[in-house]
Amino acid sequence: SLTDSPVQSCGMGIGMTLVDQGLVSPEQLDDALAETRASGERLDRVLLRKGIVSRDQVLAAMGEQFHMQVIDLATVEVEPKVLERLPSKLVYRQSCVPISQDADRLIVATSDPFGLDTLDELRLVAGCAIDLVLADEDDLRKFIRTHYGVGSDTLDQMSADAGIEATDTADAATAGEIEQAQEASVIKLVNDLLIEAVNERATDVHIEPYEQELIVRYRIDGVLQRANVSSSIHRFGAAIISRIKIMANLNIAEKRLPQDGRITFRYRPDRGGIQEFDLRVSVIPMLFGEGVVLRLLSKTAVLMSLNDLGMPDDVLERWDTMITRPHGILLVTGPTGSGKSTTLYGSLNRIVSDEIKVITVEDPVEYHVAGVNQIQVHTKVGLSFATGLRSILRHDPDVVMIGEIRDKETAETAVQASLTGHLVFSTLHTNDAAGATTRLLDMGVEPFLVSSSVEGIMAQRLVRRVCTECGSTYHPDRADLPTDFALPPKATLTRGTGCRACRETGYRGRLGLYELLSMNDELRAMIMDRVNAPRIAAAALQSGDLKTLKRDGYAKALAGQTTITEVMRAISV
């Protein structure tokens, strides 16, 4: 029966409390209990997964059932000496953390009051009475990682285990390195670092060796931030690098030359389905060891729609018209990491259909788009952007996407493709939209070919969004604003003060800034005359065929989506 197990009877008590409060119907409770019986999953987790109740409501019901105080860890300041009362291995295993102490007792936060044996173990290790308080599960995990460091339980174990010791010499026995890199604790540590990167929404992981330390940094929302790892990780740098090289099928003995590889990484979070990532691995010998950068590309990420990118309505409307044209070149420009690929994928996703054949040549293929034929560049065997493009034109495509125009050969082939009735999408590394025309001319493409083929150029940047958890409005000081920023009277701007959700940065997530240059007869004539980019931009502004990145940024700052500081940082690139 249900009451056979203490966990089930406590779960039933929480369920009845939620029913009494009118938050769960008796029918919903019966359904959830049936799932609990079938799967063994805790009742509170079933109710949360189904979205019937919120985390705060479950916490309050648990507090009532177990007569425990519920605390918000975001407001807790803990002293280092309190954290030292429990070893990190126990903290990670039991998912609990000491937050304060008085003369004869230790206050410990937990999210799992069902573990009846936990209290005895804590009492034994701490050597004093324990008072348990309740905290949210996600908050607790984040709190532990913040104060103890990512993978600190594994590092403690490795430090205690004499069998896993650092092999820092460049000519160390390869067999010994392979054996060490296959140790369960090394595997777990590398996995912990990758899982933390996924949880923090990082796009890149940097592992950097220095003389006295090994630094791990994550690129989150376009900005590098140090990962919170124990300083003892330095001793196991070689083992960590060897493990990554084994995962990426690289030569573990080669420490003098750069190597590139890839890893497929699967991760199942506590809630939700399996996430799969394609990790691009680059290993380069540095002064104090090998440095590693991992680029995380999600295979399971949902393609963003053009409507969700933050394009101004007028830009989206004009771009929508352009991407449905039968031929011509559409260029997206901006520095690395400015969201160009996302815009192109969103555009292809918008136009792909049974009547339209779309082929892409990419390096790398970042997303898989249903209905699109995608080709990965392979320079070692001679498959470049230019050769790939020449070949796919024989595949009778309607729309072609080239990952990047890097040289004259690719540029001329793209122009010829557009003039023979194909719509061609591609990217260029230029600072603004007008600069793309002069870049093509600089590559050696004839002015009459550029003017007759290019239909539109989108320049873009990514700025960080103000964190929704800690963002608040304020009245800015005029002296702190750019001179050309028109601030309406009594208008307010928004900024984040920093909280745990945004890693104390004040920002969480990103949105795009866009400027779209539409070609007209006047601009085409200017390109024929090789007029420079500033004059082309000035003429387009005058005719209404261009609105600048800065103008879009200022509008988004006024709307409270980002800050003036972010806009100025992005557009100065």
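Numbers below:
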item	result
Selection count, region 254-284, where residues are assigned to a loop (DSSP other than H, G, I, E, B), under 18 Å from ASN191 (Cβ atoms) and of a type in the set (D, E, K, R)	2
Enumeration of residues in region 72-91 that are farther than 29 Å from CYS470 by Cβ, of a type in the set (A, V, I, L, M) and modelled with pLDDT of 85 or more	LEU86
Extreme residue, surrounded by the fewest Cβ atoms within 10 Å (Cβ to Cβ), among residues of region 337-357 that are closer than 20 Å to LYS299 by Cα and β-branched (Val, Ile, Thr)	VAL352
Filter result (assigned to a helix (DSSP H, G or I) and not basic (Lys, Arg)) within region 120-141	ASP120, GLU121, LEU122, LEU124, VAL125, ALA126, GLU137, ASP138, ASP139, LEU140
Meets criteria (out of contact with any helix residue (DSSP H, G or I) (no Cβ under 7 Å at 6 or more places or on another chain), surrounded by 18 or more Cβ atoms within 10 Å (Cβ to Cβ) and hydrophobic (A, V, I, L, M, F, W, C)) for MET526	no
Strands (runs of 3 or more DSSP E) fully within region 322-402 counting 2 or more residues that are out of contact with any Cys (no Cβ under 7 Å at 6 or more places or on another chain) and closer than 18 Å to GLY456 by Cβ	328-333, 399-402
Some residue of region 456-478 being aliphatic (A, V, I, L, M), outside any helix (DSSP H, G or I), at pLDDT 95 or above and more than 29 Å from the chain's Cα centre (by Cα)	no
Leading residue by the ranking (modelled with the lowest pLDDT) among those in region 19-41 that are surrounded by fewer than 18 Cβ atoms within 10 Å (Cβ to Cβ) and outside any helix (DSSP H, G or I)	GLY40
Search result, residues across region 54-109 that are in a loop (DSSP other than H, G, I, E, B), closer than 13 Å to ALA126 by Cβ and touching a residue at least 40 places away in the same chain (Cβ under 8 Å)	ARG85, LEU86, PRO87
Check on ARG235, outside any loop (DSSP other than H, G, I, E, B) and under 19 Å from the mean Cα position of the chain (by Cα)	no
Counted residues, region 285-312 - those being outside any loop (DSSP other than H, G, I, E, B), more than 30 Å from ARG350 (Cβ to Cβ) and either out of contact with any Leu (no Cβ under 9 Å at 6 or more places or on another chain) or not assigned by the TED database to the domain that holds GLN212 (or both)	5
Hey, ALA253 closer than 20 Å to ILE195 by Cβ, in contact (Cβ under 8 Å) with a residue 12 or more places away in the chain and not basic (Lys, Arg) or not	no
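The values are calculated or read from the model by the stated rules, or taken from the named source; none is laboratory data. In this text, all values refer to a predicted model and were calculated from it rather than measured experimentally. All Cβ positions, even for glycine, are placed from backbone atoms using ideal geometry, and neighbour counts span all protein chains on display.
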